[in-house]
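Trainee: Please find one structure pasted underneath; my questions will follow.
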Amino acid sequence: MPDLATLALFTAACAVLTATPGPDMLLIASRSLGQGRMAGFVTYAGIAAGSYLQAFAAAFGLSQLFLLVPTAYEVLRWLGAAYLAWLCWTTLRASEPLFAPTAAASRIPMRRIFLQGALTNLLNPKMALFMLALLPQFLKPEAGSIALQVIVLATILNVMGLIANGVVILLAGRIGAALARRPHLARWPQRLMGAVFGGLALRLAVSGRE
């Protein structure tokens, strides 16, 4: 197990990271606004699951493939952009509002929301490179099982993320509930989600390795 000083330093780094608005927070906020608090928490659960996988990949060297084989990074980047563009298209073309008092049947299943969150995280090569840069600094072979250390550190990251994103989810959920009581505004959360997916797709497509 890492010592307390290492855990404290890592926790501080995670607090700064998770409190900084980014694509994950934007996705969680838009999903909470569009389908309520539960959808926001399920989205975060998917992102957290993806973070665990990214952490193990970084710890055991799989993410170094991006550094050794630049083509692998580009393939994953374009796959991620294509996936997000598809989410944008399917969200915007839905025939009914995703969040409205009379459209409960049109809501996206929670299992699908979870998988969307996980895939969005896993198909983001920036996250893999971030994990590769951060985790090795806090892993110490002399402290015991590397796998256990990865679980502990990734859990700290996800707990700090839950605190920061939980506030966003609660606030967005209240706004979404208010919009649901106004039929003429019912499609705005759907449009926002589509714009978020489209913006993330464009951002990933044009981004380099900086």
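Every read-out reported here was derived from the displayed coordinates using simple, explicitly stated rules and does not represent laboratory data. Not measured: the values here are computed from a predicted model. FYI the Cβ positions are ideal-geometry reconstructions off the backbone, even for glycines, and counts take in every protein chain you see.
Trainee: Could you tell me what fraction of 2.2 N^0.38 Å the Cα radius of gyration of segment 118-161 comes to, as a two-decimal ratio?
Mentor: 1.25
Trainee: Between Leu171 and Val75, what is 0.36 nm times their sequence separation minus the Cα-Cα distance? Round to one decimal in nm.
Mentor: 30.9 nm
Trainee: I've got another one for you. Along the Cα→Cβ direction, 7 angstrom out, place labels at Leu162 and Ser145. What is the inter-label distance in nm?
Mentor: 2.1
Trainee: Please give the peptides 137-149, 27-39, 46-58, 78-90 ranked by average Cβ packing (other Cβ atoms within 10 Å per residue), highest first, as a rough proxy for protection.
Mentor: 27-39, 46-58, 78-90, 137-149
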